[in-house]
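This report concerns only the one structure given below.
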Amino acid sequence: MRTVLVTGGTGYIGSHTVVELQQAGYRVVIVDDLSNSYADVVDNIEKISGQRPGFVKADLKNRAATMDLFSSAPEIEAVIHFAASKAVGESVEKPVAYYRNNIDSLLNLLEAMQKYGVNHIVFSSSCTVYGEPDQLPVDENAPIKKANSPYGNTKQICEEILRDARVPDPDLNVVSLRYFNPIGAHPSALIGELPIGVPNNLVPFITQTAIGIRKELKVFGDDYNTPDGSAIRDYINVVDLAKAHVVAIERLISEKNKAGFEIFNLGTGRGNSVFEVIKAFEKVSGKKLNYSVTGRRDGDVEQVFANTDLANRELGWKAEKSLEETLSSAWKWEQHVRTNQKN
Ligand code: UFG
């Protein structure tokens, strides 16, 4: 059985990916510092897959701990690197901490991978690298725009580090996956997104409002140049997204990625406005959502959605779940969390 190290594996996208890897026949070792997730996610992963992943609590900023991780698990063949800080607003407040965390952890990982002969890495990147794209849908050749937050900049810098790291070390195989807007939860409602404090993102804010934790959703702007005036994003189901990682790992391990450094957009190819998401949520939940329109949020782009042709063709992967099914899974998860008083 092949073993994959999943950094940030108790986090939102990480935990869903662990389940999909296990269901595809991989053994998984998770490393996470639990700075933004809970240890019992490991139990819930086991409930879904019937297999307990290995779990190491460690901070990848710690170089010695990162080396220890690899020396104690020589069976690791590939890495999926999710572990990172990801709040756009917080990164503006704490830029140094964001650079330290997101960059140092990648550097330590790469050094450890080189020392222990691990050549395959899948990197969690973001459509934030495209900024406000000139053309829609946006494809992988679109220019990288100046990042509008330290968080976004760390994603650009990490991609550059990976590209450069291959030059003297062509055995290093890299797939960078640029996510659009991941939403929803596992259909079992055993794992999902658990934002700490007030959610920044749209869908957790919607579900928390619907369940009564937040009074009202603020729609950030209805004066965009879009059909209904609200901003447009490409909302992708987190399980669909997780499945793309399994395909990427298979591609790396079987050395199908001839280019050595590959980038794929992961989205649905469909753009939905904030008002459309609200309407779809009301339909699937049967709840009337309390919301009002306020001003635009700093740093938000008007619209971004993916051209997914490359991922469809090269990875043979396609997002399958509808917006409604995905919102329904997010709602089921919110109700599960509140029933169990998780957060
Ligand atoms: N929105 C609201 N009200 C809210 C929260 C969000 O109207 O309370 C709107 C936003 O203005 C935006 C849309 O809902 O138009 C989606 O917002 P999210 O915060 O859910 O997602 P973003 O598109 O802003 O951010 C996502 C990822 C980031 C990544 C960024 C790249 O969460 O990590 O995409 O564009 F950097």
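Coordinate-derived values only; no laboratory data. Small disclaimer: the values here were computed from a predicted structure and weren't measured. Heads up, the Cβs are rebuilt from the backbone with ideal geometry, glycines too, and the neighbour counts pull from every protein chain shown.
For this structure, a couple of remarks:
- Taking the longest Cα principal axis of the chain as reference, the axis of helix 12-23 is set at about 60 degrees.
- Debye, to nearest 20: dipole size of the range 1-128, +1 on Lys, Arg Cβ, -1 on Asp, Glu Cβ: 140
- A Förster radius of 22 Å combined with the Cβ-Cβ distance from ILE213 to LYS94 puts the calculated FRET efficiency at roughly 0.30.
- Paramagnetic reach from GLU111 in the range 151-181 [backbone N under 12 Å; point 7 Å along Cα→Cβ]: none
- Over the chain, dividing the summed -39,500 (n - 2.57) contributions of all DSSP H runs of at least 4 residues by the number of residues returns a 222 nm mean residue ellipticity of -12000 deg cm²/dmol.
- Between helix 63-72 and the chain: long-axis angle, C-alpha atoms, 0 to 90°, nearest 10: 70
- Projected label distance in nm at LEU289 and THR339, using a 7 Å step from Cα toward the beta-carbon: 2.3
- Dipole of the chain, positive end: most advanced residue of LEU5, LEU110, ILE253 [Cβ charges, Cα centre]: LEU5
- FRET efficiency for GLU75 and ASP139, using Cβ-Cβ distance with R0 set to 45 Å, rounded to 0.05: 0.75
- Restraint check, LYS115/LYS243; LYS283/LYS321; LYS243/LYS321; LYS215/LYS287; LYS86/LYS155; LYS287/LYS332, Cα-Cα greater than 18 Å: LYS115/LYS243
- Cβ charges +1 (Lys, Arg) and -1 (Asp, Glu), total dipole of the range 116-240, debye: 400
- Relative contact order of the chain, pairs being alpha-carbon contacts under 8 Å that are 6 or more residues apart, as %: 19
- Compared with the dominant Cα axis of the chain, that is its longest principal axis, helix 202-211 is turned about 60°.
- Sorting the segments 140-149, 187-196, 326-335, 307-316 by their mean number of nearby beta carbons within 10 angstrom, highest to lowest, gives 326-335, 187-196, 307-316, 140-149.
- With a Förster radius of 41 Å applied to the beta-carbon distance between ARG63 and ALA259, the computed FRET efficiency rounds to 0.90.
- The gain in end-to-end length when the ARG2 to SER49 segment is fully stretched comes to 15.3 nm, 0.36 nm per residue minus the alpha carbon separation.
- Cα-projected label distance for ILE161 with ASP228, points at 7 Å along beta-carbon direction, nm: 4.0
- For LYS57, the aspartates and glutamates whose Cα falls under 13 Å of its own Cα, not counting residues fewer than eight places away in the same chain, are ASP32, ASP33, ASP40, ASP68.
- Overall, the range 31-96 carries a charge dipole of about 120 debye about its Cα centre when +1 sits on the Cβ of Lys and Arg and -1 on the Cβ of Asp and Glu, all other atoms neutral.
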